[in-house]
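Everything on this sheet refers to the single structure shown next.
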Number of protein chains: 2
Amino acid sequence: MSDAGELAAWIELSLVPGLGDRRFRSLLSTFGLPTRILSATRSQLGRVVPEALAARILERNKGPEVEKALQWAAQAGHALLTLADTEYPKQLLEIPDPPALLYVTGDVKLLSSSALAVVGSRNATPQGMKNAQSFARTLSEAGLAIVSGLALGVDSAAHRGGLEGRGSTIAVLGTGIDIVYPRRNQALAEEIASRGALVSEFALGAPPNAANFPRRNRLISGLARGCLVVEAALDSGSLITARLAAEQGREVLAIPGSIHSPLSKGCHALIKQGAKLAESAQDVLEELGGARAPDPTPSGSGASHDLLDKMGFDPLDIDELIARSGLTTEVVSAILLQLELEGKIASLPGGLYQRIA
Amino acid sequence: MSDAGELAAWIELSLVPGLGDRRFRSLLSTFGLPTRILSATRSQLGRVVPEALAARILERNKGPEVEKALQWAAQAGHALLTLADTEYPKQLLEIPDPPALLYVTGDVKLLSSSALAVVGSRNATPQGMKNAQSFARTLSEAGLAIVSGLALGVDSAAHRGGLEGRGSTIAVLGTGIDIVYPRRNQALAEEIASRGALVSEFALGAPPNAANFPRRNRLISGLARGCLVVEAALDSGSLITARLAAEQGREVLAIPGSIHSPLSKGCHALIKQGAKLAESAQDVLEELGGARAPDPTPSGSGASHDLLDKMGFDPLDIDELIARSGLTTEVVSAILLQLELEGKIASLPGGLYQRIA
């Protein structure tokens, strides 16, 4: 965990309008930890982000919202994870735009476990709901955390199935962590908070803004090794999640159905585009078995210490590190960010990195 | 058409027990046309086929069965096609074991048209039957002849759909051409004979021997550019047809369905193995559009004359012909057999071919 001043700085920055995750990350690369970003001058900031944004950073909110978030995070069962936290899920560091801040209610460790996204239509058929719950139950029992979006229909059934197995379930919200949407899922959300995990990247109190949901979908797929689409019409948001999953290198699977059912057309379209046809939970396990190892950057000690050892204390670039470590670009980038945020390395001009601790 | 004496020799050889299509073809390559095979000595034959088979060829049936077949072939609407006939379907020359003789009732030209195999369970669901007929009707209307096996269930529905479009339908029998099996399809068989084509490689009167049906399936796929499986259990004979189709380089497509329907499991297994998922007739047309041209060896004049021109009059081997023509091994082999049977080239020892006319 970051200390309180540092955490406040993360929150302040996360509340700056228009500072997206990619620019936040650029600032981190240039200045180091958030407190250092906040003590930079306007002209220093202006070298990394547009002038208007630099101005907004200096005129940022330092008031009640930051305080509210700190108070929220201090409560039992709540966690506010920053990119610098060792508990921040490593899988998300592999995607191009991991959120700087994650609000979590419930079991934080669940976010780093091997997981499967199970998504689909809000207006699923009764059989689609049964399939979602049954696949989720079996796969949770096999040890996978079931990730979904707390919507009605397939999402709710997937969460229920996940809660029935030992893998449990993770709900990624399109609202602030303190808002339940839709309201009908209040009881389900409470159960997930107590036996699974709720996650949000949005500020406390953020309402169900339509634009947030497609954006949120990248975290549903990003937290998981694969994405199973249960039932989806051709215009379903689940197809966005499946596309993001494919872009993130996750396995995509879909359950087929009657060619006359509009709610199977999205699944069939995915299969035609190369998604794996899933008839049973066993199919999903086999597909994931052929996928990457559960956690490419074992937390803390393992991979990042290895990389530190291989760095020595001379400046070098990422290509050299990839060559020395045998790891992929994505994994090396993720570890470098982590090491930088932990203060163990520094990034130098010209794309060089140097060990400093 | 071969003359009567030659045709009788084809029939006599086709009735020799144990002389399969591949050995028949070896004999043709060595001796030329069937009358020359029949005038060979036992020791000459023994150089190409096992002794016991050579003996059976010399003790062959010359009696009533041959006469019966000649009389059958002489009737209106009947045709007995040999490998040497220009009307013999070129597509079948691409498969490893084309029958030496084909009994045809109905429209012989239909056998050379662009075709799609539509197969599936005998115990199809009502929706499966509707799908089979509807896909077949649309695809026949788009100009494809629908090939199937005259069984109950999907086959019958596919033939009916085929008859409703301009592409019509071809039934490949596992019995003699004069036997209708199952009996319940008598009226359908008559309709196909009058507006489509019935085909069999088996001798007149051959009963519905269980072993003949899987063997017959290679012709269902061989006559077609692709094979669509409508509904099939995991142990369905339709999966044999689909496998043969894939081995023959044909497109394989399957219609998905509920994961809880045993009659969709065969289709799902095919899709997992790489068959294309077909939701609509349009999907089939698109898939075939990406496939080979309708007829890789345009009959008579085109490709075979080109190849003759490129041969010159010196002996050469098939690799040289492939290089000169730019055609595939299969197509060159098919054309060479045709040219040999037409007496335009001779095959020489050592795998060489020479133009002689």
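The values are calculated or read from the model by the stated rules, or taken from the named source; none is laboratory data. Remember, it's a predicted structure, so these values are computed and weren't measured experimentally. No Cβ is skipped: glycine too gets one built from the backbone with ideal geometry, and neighbour counts run over all protein chains shown. Remember, those area values only see protein heavy atoms, side chains included, never the ligands or the DNA or RNA. Shrake-Rupley method; radii C 1.70, N 1.55, O 1.52, S 1.80 Å.
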Q: Please work out if A:Leu223 is in contact (Cβ under 8 Å) with a residue 40 or more places away in the chain, in contact with a strand residue (DSSP E or B) (Cβ under 6 Å, 6 or more places away or on another chain) and open to solvent by 10 Å² or more (accessible area, probe 1.4 Å).
A: no
Q.
If I ask for residues that are in contact (Cβ under 8 Å) with a residue 40 or more places away in the chain and either open to solvent by 30 Å² or more (accessible area, probe 1.4 Å) or within 22 Å of the chain's Cα centre (by Cα) (or both), which ones from the range A:40-65 would you list?
A. A:Arg56, A:Arg60, A:Asn61, A:Lys62, A:Glu65
Q.
When the residues of the range A:164-173 are narrowed to those that are surrounded by 24 or more Cβ atoms within 10 Å (Cβ to Cβ) and not polar (S, T, N, Q), which ends up farthest from A:Glu201 (Cα to Cα)?
A. A:Gly167
**Q.** Selection from the range A:82-132 of residues that are open to solvent by 30 Å² or more (accessible area, probe 1.4 Å) and within 14 Å of another protein chain (Cβ to nearest Cβ)
**A.** A:Thr125, A:Pro126, A:Gln127, A:Met129, A:Lys130
Q | Single match in B:Val147, B:Val118 (criterion: over 30 Å from B:Arg23 (Cα atoms), in contact with a helix residue (DSSP H, G or I) (Cβ under 6 Å, 6 or more places away or on another chain) and not acidic (Asp, Glu)) | A | B:Val118
Q.
Let me spell it out: the conditions are (1) under 30 Å from B:Leu110 (Cβ atoms); (2) open to solvent by 10 Å² or more (accessible area, probe 1.4 Å); (3) of a type in the set (Gly, Ala, Ser), and B:Ala69 meets all of them except one. Which number is the exception?
A. (2)
Q | Residues of the range A:180-193 that turn out to be without any contact (Cβ under 8 Å) to a residue 40 or more places away in the chain and either basic (Lys, Arg) or in a helix (DSSP H, G or I) (or both), as a count | A | 9
**Q.** Failed condition for A:Gly176, given (1) in contact with a helix residue (DSSP H, G or I) (Cβ under 7 Å, 6 or more places away or on another chain); (2) within 20 Å of A:Asp21 (Cα to Cα); (3) surrounded by fewer than 24 Cβ atoms within 10 Å (Cβ to Cβ)
**A.** (1)
Q: Output the qualifying pairs, or none if there are none: Cβ atoms under 7 angstrom, residues six or more apart or on different chains, first residue in the range B:253-281 and within 13 Å of B:Ala233 (Cβ to Cβ) and facing chain A (nearest Cβ under 9 Å), second residue open to solvent by 20 Å² or more (accessible area, probe 1.4 Å) and among the hydroxyl-bearing types (Ser, Thr, Tyr).
A: B:Gly257/A:Ser258; B:Ser264/B:Ser258
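Let's see how each residue does on (1) among the small types (Gly, Ala, Ser); (2) closer than 26 Å to A:Gln248 by Cβ; (3) open to solvent by less than 40 Å² (accessible area, probe 1.4 Å); (4) modelled with pLDDT of 75 or more:
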{"residue": "A:Pro298", "(1), (2), (3), (4)": "no, yes, no, no"}
{"residue": "A:Lys310", "(1), (2), (3), (4)": "no, no, no, yes"}
{"residue": "A:Phe313", "(1), (2), (3), (4)": "no, no, no, no"}
{"residue": "A:Asp317", "(1), (2), (3), (4)": "no, yes, no, yes"}
{"residue": "A:Val332", "(1), (2), (3), (4)": "no, yes, yes, no"}
Q.
Considering only residues that are away from every other protein chain (no Cβ under 12 Å), open to solvent by 30 Å² or more (accessible area, probe 1.4 Å) and part of a helix (DSSP H, G or I), which ones fall in the range A:282-294?
A. A:Leu285, A:Gly289
Q: Given the conditions (1) in a helix (DSSP H, G or I); (2) modelled with pLDDT of 70 or more; (3) surrounded by 18 or more Cβ atoms within 10 Å (Cβ to Cβ), report the number of the one that A:Ile322 does not fulfil.
A: (3)
Q: Considering each of A:Leu270, A:Leu188, A:Leu173, A:Leu228 in turn, give the residue that is over 28 Å from B:Asp283 (Cβ atoms) and more than 16 Å from the chain's Cα centre (by Cα).
A: A:Leu188
Q: Can you tell me which residue within the range A:238-271, out of those that are within 24 Å of A:Gly167 (Cβ to Cβ) and in a helix (DSSP H, G or I), is most open to solvent (accessible area, probe 1.4 Å)?
A: A:Ala246
Q | Positions within the range B:194-216 being in contact with a strand residue (DSSP E or B) (Cβ under 8 Å, 6 or more places away or on another chain) and either within 15 Å of B:Asp97 (Cα to Cα) or aromatic (Phe, Trp, Tyr) (or both), in sequence order | A | B:Ser200, B:Glu201, B:Phe202, B:Arg216
Q) Has the range A:162-179 got at least one residue that is in a loop (DSSP other than H, G, I, E, B), more than 14 Å from chain B (Cβ to nearest Cβ), β-branched (Val, Ile, Thr) and over 16 Å from A:Asp107 (Cβ atoms)? A) yes
Q: Could you list all residues from the range B:133-150 that are outside any loop (DSSP other than H, G, I, E, B) and open to solvent by less than 50 Å² (accessible area, probe 1.4 Å)?
A: B:Gln133, B:Ser134, B:Phe135, B:Ala136, B:Leu139, B:Ser140, B:Ala145, B:Ile146, B:Val147, B:Ser148
Q) B:Ala100: of a type in the set (A, V, I, L, M) and touching a strand residue (DSSP E or B) at 6+ places or on another chain (Cβ under 8 Å), yes or no? A) yes
Q: Would you be able to say whether some residue in the range A:278-294 is at pLDDT 70 or above and basic (Lys, Arg)?
A: no
